[in-house]
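Q: Once you've had a glance at the structure underneath, I'll fire off some questions.
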């Protein structure tokens, strides 16, 4: 048993490191902020983490194949606006409309992902360029569909259904499913194969194009799921709900979680914990009254530091092996 | 050489945690002779060379004596100062710099105009020309390195070693990526350097090269010196015995092909550049060799046939019980395996464990039908079975592949395809960079599988190997099929005949 725990520790150093960091953060917060450890406060925080965590989970798939998707926040906003535009196009909005609207919202996310994936996997375009273009296209689309005055407000039943407890449920269930897909199924294994060496994967008879296409669709659907959560908390959707700067939080969450930016390594579970850290840092700064300028500065430094540690680890391992 | 060079190693040992990589190795290298160093992977050759190169420190107790002086080589810089220079297996040049800049790349500081940062190109060229002339090598000093052949790039490396004042030259498998012609040229140069009084080490897996080039040979096994003798006194069997500690038993090829049953028929296969209009049949249980000079389009034939490169014309027929049907490359790929030439490029997932590498060809077989949930326990079990069958030497199936030796890595790829158990296995240079022991094992595995009905298509640059294992050889030159030789008629002349004819046709 003890041996097993030790082995688990060796294989999950990143996980343990992050758990320690999160625990440390909680300790600091409960000491410095009054009434931090209250049920309402903790559940609010968790609900706040959910959209970032779910998008980070989707991006993890893309990153592990060695790709990049920076269009998530924009896709999130665009699919939300499309879904909400459908829902609010009726005189009397019933539950059926809301359900169909959510399906349309998810399909829109999948569609944006499909376009990203097709351009990258089939046309062999550069991921960064494709998703950068998608970011502006989706933002533009959201602005156009959303209109100048903004979309009407949704009936309160929508926000009531996606209340913070539902959202916390989503935060647990969705990443858990995605983590299992990545680590426990043949599809997930193929994602790792591709990230490790795409050429070898192709020679091994794996249909690399389809897998790469699929991971971008997953990222798109995850963005749409985050869109549902954000829509519920806003009670409507607008182009600005996915600020472009948010992509930095998403990618950093994955990177701090140990997902390799050049592919082959990482887990959804760890990326989600990374999201906890990132959102946590944002909140700490906020609560301590640090100005926004410093917040971005400190966040950027933390990311460089985290990446530095993993690079240094590789360097050290290489040195040791030589 | 003004003063007499000498190099002596006394009782050199090197202990890594848990392993004694070298124990009490002593020898003397004399100027004017080529000293061959042989041993299977992991025998300690690299460790010894790294000690000489200053990358590793030997254990206390031994000594290295150069020109009569006891020396300690603490780092690569000191090795360079002592005149020790490496010529690596992988040719390392800066592609966009030109020849003379490449040769002097490591010490630009010496070639500035006075104290200014500008380079004195005239002097540099004169210096480089001096060394290249000594090598009897006529390449344009201004030519950018990317325009050179691999052989010419190797010359740059040698010139670089000489310009740094290298007197003890360590060649580490220099011919691995050279054509026959370039190899001959390299040997000429090494012999030339030998006459000039340099000390030359030559490491190679190709025993033929050792016999052709070296004067004396030093054999290592498990870190021990197991033999040292002038080459003329050795037979090939003795040398292999030094390396392995026993004689290798290569199985005799028993022709297992079922001449009536054709499994695959390639008709008029053409690709973008190569191949051009190639047709051939493959029988069940047959080992078909594909032979041609480097750059003749052998690998391209495989890639085009299997749909990795674009096929512009032709069709492939495949059938399990003699009924041939035209198939797309995707359909064909379900029934074939492909061991590529570039082990590290597209053969392995280097950072993944052995088991995941082995199962990668048939990962679907380990997944549940509906949700694709993987059964890792079964994966590990089957990987272990194959590791045993193919004799992969590793701690366990979770070992990361990049930590294995070349021969064992190759065996991992072979395990991967044996697990798939395809009807046809394409192999491009299956024993490249693999030591003698593993080579024979791989050949025996090919024989065994072919007797069970697997067909093989094998590319090899080594004439002896291909004639040893194949039932039939087709010859490729400039992407075209120029000859076909059956086992009874195997000879170098018979294989070359087609190529010679092709060249004559071109001239007319």
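Q: Segment A:31-100 to segment B:457-479: how many Å between their Cα centroids?
A: 60
Q: Hey, another quick one. From the gyration tensor of the Cα coordinates in segment B:350-421, what semi-axes in whole Å does the equivalent ellipsoid have, largest first, with each one equal to sqrt(5λ)? Walk me through the numbers on the way to the answer.
A: Numbers: eigenvalues 89, 27, 20 Å².
Sorted largest first and rounded, they come to 21, 12, 10 Å.
Q: Sticking with this one: So what's chain A giving for Cα Rg divided by 2.2 N^0.38 Å, two decimals?
A: Here the Cα radius of gyration is 1.02 times the empirical estimate.
Q: I would also like to ask the following. Calculate I(q)/I(0) for segment A:194-285 by the Debye formula, one identical point scatterer on each C-alpha and no solvent, and give its log10 at q = 0.15 Å⁻¹ to two decimals.
A: The calculated log intensity ratios at q = 0.15 Å⁻¹ are -0.75.
Q: Also, I was wondering about something else. With no solvent and one point on each alpha carbon, what is the Debye value of log10 I(q)/I(0) for segment A:163-322 at q = 0.14, 0.16, 0.20 Å⁻¹?
A: Reported log10 I(q)/I(0), two decimals: -0.89, -1.11, -1.43.
Q: Next up: Could you pull the Rg and Dmax for the protein assembly as shown, using just the Cα atoms, both in Å?
A: Taking only Cα atoms of the protein assembly as shown, I get Rg and Dmax of 31.8, 102 Å.
Q: Sort B:317, B:9 so that the residue with the fewest other Cβ atoms within 10 Å of its own Cβ comes first and the one with the most comes last.
A: Final ranking by Cβ density, sparse to dense: B:317, B:9.
Q: On a 0 to 90° scale, report how tilted helix B:150-163 is relative to the longest principal axis of chain B, with both axes built from alpha carbons and the result rounded to the nearest 10.
A: 20
Q: To the nearest whole number, what is the average tally of beta carbon atoms from other chains within 10 Å of the beta carbons of peptide B:366-372?
A: 3
Q: Relative to the first principal axis of the alpha-carbon coordinates of chain B, what is the inclination of helix B:436-451, with its axis defined by its Cα atoms, in degrees from 0 to 90 and to the nearest 10?
A: 10
Q: Rounded to the nearest 500, what is the 222 nm mean residue ellipticity of chain A from helices alone, with -39500 (n - 2.57) per DSSP H run of 4+ residues and division by all residues?
A: The helix-only estimate for chain A comes to -26000 deg cm²/dmol at 222 nm.
Q: While we're here: Antiparallel DSSP bridges in chain B: what percent, to the nearest 5?
A: Percent antiparallel among DSSP bridges in chain B is about 55.
Q: In degrees from 0 to 90, rounded to the nearest 10, what is the angle of the helix B:376-390 Cα long axis to the longest principal axis of chain B?
A: 70
Q: May I ask you to order B:39-47, B:442-450 by the average number of other C-beta atoms within 10 Å around their residues, highest value first?
A: Highest-to-lowest ranking by the protection proxy: B:39-47, B:442-450.
Q: Additional query: If you take every DSSP beta bridge fully contained in the protein assembly as shown, what fraction is antiparallel? Give it as a percent rounded to 5. Show your work: numbers first, answer last.
A: Values: 46 of 81 bridges.
Of all bridge pairs located within the protein assembly as shown, approximately 55 percent are antiparallel.
Q: Mind jotting down the distance between the C-alpha centroids of segment B:442-456 and segment A:241-292, whole Å?
A: Spelled out, the Cα-based centre of one part sits 53 Å from the other.
Q: When the gyration tensor of segment B:7-244 is built from Cα positions, what are the square roots of 5 times its three eigenvalues, in whole Å, from largest to smallest?
A: Square roots of five times the eigenvalues give 32, 21, 15 Å.
Every number here is computed from the coordinates shown, using simple stated rules; none is lab data. On a predicted model such as this, the values are computed, not experimentally measured, just so you know. A quick note on method: Cβ atoms are made from the backbone with ideal geometry, for glycine too, and the neighbour counts reach across all protein chains shown.
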